[in-house]
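Before any comments, here is the structure.
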Amino acid sequence: MTRPLPSLAIPAAPAVRRICLAPGQTLRTWLPAGATLVSNGPGLTIAGAPQWISGHLLQPRQLINEGQTHWLEHGGWVQIDAARGGELLWLNPPPHWPARLARAMRQLSGRIRGATRSKGLSGVSKTG
């Protein structure tokens with residue numbers, strides 16, 4: 001019995017969330033790894049998720065001005081300070097389609113190996 005292969009469709013465009021911040025406002029929110037923040041304001045300070053590095057707790061900070069972006073390498077609680085107010089666009093990362101593609105390729109190669117063994121095709125090269 002054969003099963004259909006998993007769908008390898010390209011995921012939809014990432015979701016965009018628009019956040020307006022008043023002058024002096026601070027936003028604390030949880031963001032996933034891979035999220036992109038785009039500033040449409042005069043200057044926003046992004047304090048990334050705290051991380052333990054070599055026994056020290058570090059919290060990366062970055063100032064992004066209008067039109068600049070900031071990509072979050074690690075997910076977690078993030079603080080966004082808007083000293084002069086502004087707008088922030090938050091783009092969610094796309095689904096992990098590379099992992100799904102790799103899993104589908106492993107399943108496909110397993111089926112091919114199984115088919116060659118069941119048909120007695122022992123002349124197939126096993127290099128690589």
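The values are calculated or read from the model by the stated rules, or taken from the named source; none is laboratory data. None of the values given here were measured: they were computed from a predicted structure. Don't worry about glycine lacking a Cβ; one is built from the backbone with ideal geometry, like all the others, and counts go over all protein chains shown. Just so you know, the surface numbers come from the protein's heavy atoms only, side chains and all, with ligands and any DNA or RNA stripped out. Shrake-Rupley method; radii C 1.70, N 1.55, O 1.52, S 1.80 Å.
Taking the range 39-84 as the region of interest, how many residues are closer than 17 Å to Ala15 by Cα and touching a Phe, Trp or Tyr at 6+ places or on another chain (Cβ under 8 Å)?
1
Is it true that some residue in the range 9-28 is open to solvent by 40 Å² or more (accessible area, probe 1.4 Å), modelled with pLDDT under 90 and under 30 Å from Ile112 (Cβ atoms)?
yes
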